[in-house]
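Since the structure comes first, as structure tokens, the remarks are kept for the end.
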Amino acid sequence: MANCSSNVRRMQGEIQMTDGSLWKNMFFFSIPLMLSQLLQVLFNMADVAVVGKFSSAEALGAVGSTTILVTLFTGFLIGMGSAVNVRVAQHLGARDKGRASASIRTSFVICLVTGCIIMALCLLSARFMLELLGTKDDLVEGAVLYFRIYALGMPALGVFNFGNGVLSANGDTKRPLAYLMIAGILNVLFNLFFVIVCGMAENGVALASIITQYVSAVLILIHMARQEDDYTFRLRDLKNGLDKLERNRILGLGVPAGLQNAIFAVANLFIQGAVNSFDSVMVEGNSAAANFDAIIYNIMAAFYTACSTFMGQNLGAGKQDRVLKSYFIGIVYSFLSGAVLGGALLLFGREFLSLFTNEEAVIVAGLQRTQIMSFSYAFSAFMDCTIAACRGIGRSFAPTIIVIMGSCVFRVVWIYTVFAYFHTIPSLYLLYIFSWLITAVAEIVCFTVNYKKLTAKRMKL
């Protein structure tokens, strides 16, 4: 049966994780995943570009002012999706279809409910959170309107990240990419229609985003319902009820992973508050420049997901040598992608920023940020890939605590000390590379200890 299942997956073009070249398979696994994550980022980026080009600088600043909050809540949903990915990958690696099915239906409910809770929180607290950030008075009304409409799409994001986690756990990263490509094209078309034809601004691009988020969620559910495979899921499967063990394991991995992503955004709230201490031109320039962060982080994140997924499947299959090798390959790929893209940003920063604004003063302000960040991105690989590796072997709590202390708390302290003293954009954004390196050291120690414990435990069995 195992050989038959393996042959079917090869015929379908799905990536093999427990056999073959790890270098090759992790790379080809990551490419569609990378493009999928970039398309998710493009939802918000297209909003920023369209309002910046075809509406006003105020609308650009309003949408950009919500970026940290959008990242905070979508980051939590992405973290839940990564837990689904790891848990399902472990069951598929062990060829345990029954546990995989229980994990999938339980994950669906958890991700959907989480998305609904986040939606309600955002609708009720949008103004409070944006005012807490110190959003400029001339931007706050537009920012509140955009964020509340955007929040209506959170349940769809939860469902899509659930489906993406399940499919990628089975080696299929191409279908989520196809569905996001459809949604991404629709998003741009709706953006242009609502802003140019209908004369809308922040509300128009937010409406376009939530429509296309539901499109991608529905498409992935339809695909899973039509399959006769290890990852089949139909809504009627829910009548079998939630599995208590899977619920606890998924929440045990997903909540820390989601909090970890959200905690970065919380720390970034302080950074956004620091940016807001400058004038509106600097805020608008940094809003435009921050879009490149999302591109690079998501390209690198594809390799982190590959790392945890391959480690999870090989751990389930009992192939210990491939578990550790997956970790090292993930670091190499993510570091190189960060270095190459950072270099591209350094060389073409002005051209990139001109995609989002026509105003020279805004471009010059944005360049102050890009010139610092371009040298920093690659070093985040040592921290983030190690966190993904810990998740891949079923450890999520300790890495989250380390992130809170080593990266997030450190950033807040930096803002109130180094930045408070110099009060320049370079002195603000240097905190990233220092926090990444400090946290990476602690995360590597944590992973080494946990991996040795896991190896010793398995040798006794």
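Full extension of the chain between Ala361 and Val413 gives 15.7 nm of extra length, using 0.36 nm per residue less the Cα-Cα distance. Among 316-322, 376-382, the peptide with the highest mean count of other Cβ atoms within 10 Å heads the list, and the full ranking is 376-382, 316-322.
Packing, as the average of other Cβ atoms within 10 Å across residues, places the peptides 424-433, 335-344, 26-35 in the order 26-35, 424-433, 335-344, highest first. For Cα extents along the principal axes in Å, the choices are [x] 77, 69, 43; [y] 64, 48, 40; [z] 63, 46, 37; which was calculated from the structure? Of the listed options [x] 77, 69, 43; [y] 64, 48, 40; [z] 63, 46, 37, [z] comes from this structure.
Note on Gln320 and Lys53: the model spin-label points, each 7 Å out from Cα along the C-beta direction, lie 5.5 nm apart. Protein heavy-atom accessible surface, 1.4 Å probe, per residue over the chain: 39 Å². The peptide list 392-401, 158-167, 98-107, put in order of mean Cβ contacts within 10 Å with the highest first, becomes 158-167, 98-107, 392-401.
May I ask you to list the residues of the stretch 86-123 whose amide nitrogen lies under 11 Å from a point 7 Å from Cα along the Cα→beta-carbon direction of Leu242? Once the point is set 7 Å along Cα→Cβ of Leu242, 106-114 turn out to lie under 11 Å by backbone N, inside the stretch 86-123. Taking 7 Å steps out from each Cα toward its Cβ at Asp137 and Phe434 produces label points 3.4 nm apart.
For the stretch 125-197, a crude dipole built from +1 on the beta carbon of Lys and Arg and -1 on the beta carbon of Asp and Glu, taken about the Cα centre, is about 280 debye to the nearest 20. Helix by helix, which DSSP H runs in the chain go 24 Å or more along their axis at the Cα atoms and have an average Kyte-Doolittle hydropathy of 1.0 or more? Answer set is 22-54, 67-93, 97-132, 174-192, 202-226. A Förster distance of 22 Å, applied to the separation of the beta-carbon atoms of Leu189 and Leu121, puts the FRET efficiency at 0.15. Ligands, DNA and RNA left out, the 1.4 Å accessible surface of the chain is 69% carbon and sulfur atoms. Per residue, the chain reaches -27500 deg cm²/dmol at 222 nm when only DSSP H runs of four or more residues are counted, each adding -39500 (n - 2.57).
The values are calculated or read from the model by the stated rules, or taken from the named source; none is laboratory data. Just so it is clear, the model here is predicted, and its values are computed rather than measured. Neighbour counts run over all protein chains shown; Cβ positions are idealised from the backbone, glycine included. Ligands, DNA and RNA are excluded from the accessible area calculation, which covers all protein heavy atoms including side chains. Shrake-Rupley method; radii C 1.70, N 1.55, O 1.52, S 1.80 Å.
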